[in-house]
Every structure is written in C-alpha cells, then in structure tokens.
Amino acid sequence: MCCSRLLSSASMSAAGEELPETHVLAVDDSSVDRALVAHLLRRSKYRVTTVDSGRKALELLGVMLQERNVSMIITDFWMPEMTGFELLKEIKGSTELKEIPVVIMSSENVPNRISRCLEEGAEDFLIKPLQPSDVSRLCNRLFR
Amino acid sequence: MAVFQLQQQWVDLISALFREEFLDSQFTQLQQLQDESNPDFVVEVVTLFFEDSERLLNDLCSTLHQRVVDFKKADAHVHQLKGSSASIGAQRVKNVCVSFRNCCEEGNLEGCLACLQQVKHEYTLLKSKLEALFALEQQIVAAGGSLPTM
C-alpha cells in the first residue's frame, strides 16, 4: 500500500509500533446508508468522513490532496448527477487520486455492473445493506 | 407499570413486528450494532429513515401527479425508498417498492398510484409501531430496567 496516502499522525499498536490512522471517505446519497456505513467503519476504529454526492467527494479529495490522508473511498453505485461508477472513473483517471482504493456498494446484484466496476479498477463490490463481516473482510484485506 | 410488565410489552410488540413481517433480520443487525458507545443508534437510523421516506413519498406524489409523468424520476425515488427500507429491515415497505418499481418500468400510472397508496399505508403503519416500540424502550430505561435480549 502506498504510504504517502497515510497520515503522519499515528496511534500505537500493542507491540509499540506506530499504526497509521486509516481515513475512509464514504459517499452515498442516502442518509440512512451513510449512517450505517459510517457506524460499521467507526466500530473498526477507522476515521470516517461522509458526503452525499460524487461531486462533493471530488471537491473534498481535491482539498485533501495536500494532506494525502484518504486511505479508501467507499461509494454507492446509484446516485443522482454522478454515479459511483462515474466517480470511480474520475478517481482512476486522476494521477493524484488513482492509487486510492475504491469500493462500490449497491443494493442490486447485477453481474454486468459488478464486472464493469472491477474492470474499471474498483477494489471490491459490496451488496447493500452492508454487514459487519463485509467491512471487516474488506479492511483486513486492504489495511492489514 | 412495573419494569417487568413494560419489558413483556416490548417483547410482545417486537415479536409481532417480526411475525407480521413489518421487520426482517436487517433490523436485528441494527440492534446488534447498538452498544454503550452508541446507545441510540437504532433510533437515530430509524429517524433518518422516517425523514427520508416522508420526503420521498411527497416527491413521488408530486411526480405521479404531473401532467406528463416522468416514470424514470419516479423509479429513482422508489429505488431510494427501497434501498433505505432494506437498510433498516422494513420488509413490507421494501416489498411494495419492488412492485412499485415494476409499475414504473412499465409506465403503468394506475399501478404506480395504487403502489403509492400501498407504500404510504405500510410506511404509516410501520412508523406508528416503531414509535410505540421506542416509547416503550424509553419507559423501560426510565424505570431502571434494560431491554430484553431477543
């Protein structure tokens, strides 16, 4: 994983090693799903910022670029104005942002949609509603 | 009323909600996510659901009563409602949304209007039952009791 994505401030592990803080940006137009995904991630001790649109996510990422502290983006697929797929393409098409893992969520299990997202560079595609096991499996894979 | 009686009422109410399929296992997942650091998590998420749903139902009513109905817009609203109802375990609301989406896809206005009435009915029923459940929870806690584990 690219260390430049991680915060310089850190917490300590049980063995006394410095652990980088993991900051997740969650994007969903549904306030219910934002609350749910944020809660699941915070239970796993991740710092979470939520926004309700792809446009706001890109604005925030632009502001955060200097700090380079977003470790993962998790976004809903179906959103008005900019879908999660369009957001994924913007991120993967950006020199500054393309290394950030992007995970897509959707309430619909559409194989064609899933494969398109994975081909475009998504790390994973999760079916909503998310479960604690989805989040722990994902984060274990990406951050441990 | 004694704490035990309140707790029994709570058990009866929540059992009925699951038995009558107002709620499904996703609601249980929400309850399991609630802990001492987030003691009001379920109420907070359900409150967001109520706010979202009322906005979406108003938007749907407006969309379906336009002179030229935009079924794609209506479908987008129903999709959102289906998603948030699934996220809190509102099974009957979610199930009506499935039929509702089919009507939107077919451009079936009569079907859409019937589904709108049905989803409003299911939502109103669910809301009143959940509000009663949360009121009972407050009474139990105020009386010094704790919520039974199901």
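The values are calculated or read from the model by the stated rules, or taken from the named source; none is laboratory data. These figures come from a predicted structure and were not determined experimentally. Neighbour counts run over all protein chains shown; Cβ positions are idealised from the backbone, glycine included.
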Inter-residue pairs, beta-carbon under 8 Å, first among the small types (Gly, Ala, Ser) and in the stretch B:130-141, second not in a helix (DSSP H, G or I), 6+ apart: none
- prompt: If you go through the stretch B:97-109 one residue at a time, do you hit one that is at positive phi and away from chain A (no Cβ under 14 Å)?
  reply: yes
message: Given the criteria at pLDDT 95 or above, within 26 Å of B:Phe134 (Cα to Cα) and not hydrophobic (A, V, I, L, M, F, W, C), does B:Glu106 qualify?
response: no
- prompt: Only one of B:Leu60, B:Leu48 is more than 10 Å from every other protein chain (Cβ to nearest Cβ), in a helix (DSSP H, G or I) and surrounded by 18 or more Cβ atoms within 10 Å (Cβ to Cβ); which?
  reply: B:Leu60
message: Looking for something more than 20 Å from A:Ser31 (Cβ to Cβ), modelled with pLDDT of 95 or more and not aliphatic (A, V, I, L, M) - is there at least one such residue anywhere in the stretch B:27-34?
response: yes
Lone unmet requirement of (1) of a type in the set (A, V, I, L, M, F, W, C); (2) without any contact (Cβ under 8 Å) to a residue 12 or more places away in the chain; (3) surrounded by fewer than 17 Cβ atoms within 10 Å (Cβ to Cβ) for B:Phe41: (3)
- prompt: Can you spot a residue in the stretch B:107-130 that is in contact with a Ser or Thr (Cβ under 7 Å, 6 or more places away or on another chain) and of a type in the set (Val, Ile, Thr)?
  reply: no
- request: Consider B:Gln5 carefully, then state whether it is over 14 Å from the mean Cα position of the chain (by Cα), exposed (fewer than 14 other Cβ atoms within 10 Å of the Cβ) and either at pLDDT below 95 or in a helix (DSSP H, G or I) (or both).
  value: yes
task: Inspect the stretch B:70-81 for any residue being more than 10 Å from chain A (Cβ to nearest Cβ), surrounded by 16 or more Cβ atoms within 10 Å (Cβ to Cβ), in contact with a His (Cβ under 7 Å, 6 or more places away or on another chain) and of a type outside the set (Gly, Ala, Ser) and give the result as yes or no.
output: no
task: Within the stretch B:67-99, track down each residue that is in contact with a Phe, Trp or Tyr (Cβ under 8 Å, 6 or more places away or on another chain) and in contact (Cβ under 8 Å) with a residue 60 or more places away in the chain.
output: B:Ser87, B:Ile88, B:Gly89, B:Ala90, B:Gln91, B:Arg92
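To keep it simple, each residue is scored yes or no on (1) in a helix (DSSP H, G or I); (2) more than 20 Å from B:Pro148 (Cβ to Cβ); (3) within 14 Å of chain A (Cβ to nearest Cβ).
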residue	(1), (2), (3)
B:Gln9	yes, no, no
B:Glu21	no, yes, no
B:Gln29	yes, no, yes
B:Val43	yes, no, yes
B:Asp52	yes, yes, yes
